[in-house]
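The values are calculated or read from the model by the stated rules, or taken from the named source; none is laboratory data. Treat the numbers as computed from the prediction; the structure is a model and nothing was measured. Heads up, the Cβs are rebuilt from the backbone with ideal geometry, glycines too, and the neighbour counts pull from every protein chain shown.
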Amino acid sequence: MLCGATAVADISPYKLTAAMAAVSRLKAELAEQDSDMILASIESETSALELMDLIIEAVVADEELVERGTARLKRITARANRHRLILKAMMQEIAERVERPLATLSVSHRTELAEVPTNEELPSTFLRSAPDKTLITKTLRSGGNVPGYELREKPDLTMTLRSV
């Protein structure tokens, strides 16, 4: 698999700018044509779509690196947590405080908030309220009005990858 940074690094800003300028010229020349004809002309007469393919390869490679890195980070975090539990168990048997060349270990006694099952209702003093953005969105999409909120157009790229 291609390394994402390498594929995009091969694309000079000059090449990208030149390709997109050629696309703009072609679109102006073919303004009366349908979109399929314009796309076919862009593909045959410019390097824009080849550059796009290189960028897509880079995105795919980067996303794969992120996925593998995230999985590795989870494994390393789990291992570190296991080691902390082992150290904590050792400290309970050895001492409250131990000085070692790499670290000073000590057992601290802190309080932790724990929710206890009960039939009593939590007083409103301890509750927060926030706008229900899901309901606001549904209301606005159905044509309703919600003071202080509006739906805005947010352009986004959807990329559906195919297996090679």
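Numbers for the structure displayed
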{"item": "Residue satisfying condition, being surrounded by 12 or more Cβ atoms within 10 Å (Cβ to Cβ), farther than 16 Å from L161 by Cβ and touching a Ser or Thr at 6+ places or on another chain (Cβ under 9 Å), within set L26, L39, L51", "result": "L26"}
{"item": "Filter pass, V98 being of a type in the set (V, I, T) and modelled with pLDDT under 80", "result": "no"}
{"item": "Test: A58 is within 26 Å of T17 (Cβ to Cβ), modelled with pLDDT of 95 or more and within 31 Å of the chain's Cα centre (by Cα)", "result": "no"}
{"item": "Residue that is surrounded by the fewest Cβ atoms within 10 Å (Cβ to Cβ), among those in the stretch 80-135 that are farther than 30 Å from V146 by Cα and among the basic types (K, R)", "result": "R110"}
{"item": "Residues located in the stretch 10-23, provided they are assigned to a loop (DSSP other than H, G, I, E, B) and either among the small types (G, A, S) or surrounded by 14 or more Cβ atoms within 10 Å (Cβ to Cβ) (or both)", "result": "I11, S12"}
{"item": "Hey, L73 under 30 Å from I11 (Cβ atoms), hydrophobic (A, V, I, L, M, F, W, C), modelled with pLDDT under 90 and under 24 Å from the mean Cα position of the chain (by Cα) or not", "result": "no"}
{"item": "Failed condition for N81, given (1) closer than 30 Å to A22 by Cβ; (2) in a helix (DSSP H, G or I)", "result": "(1)"}
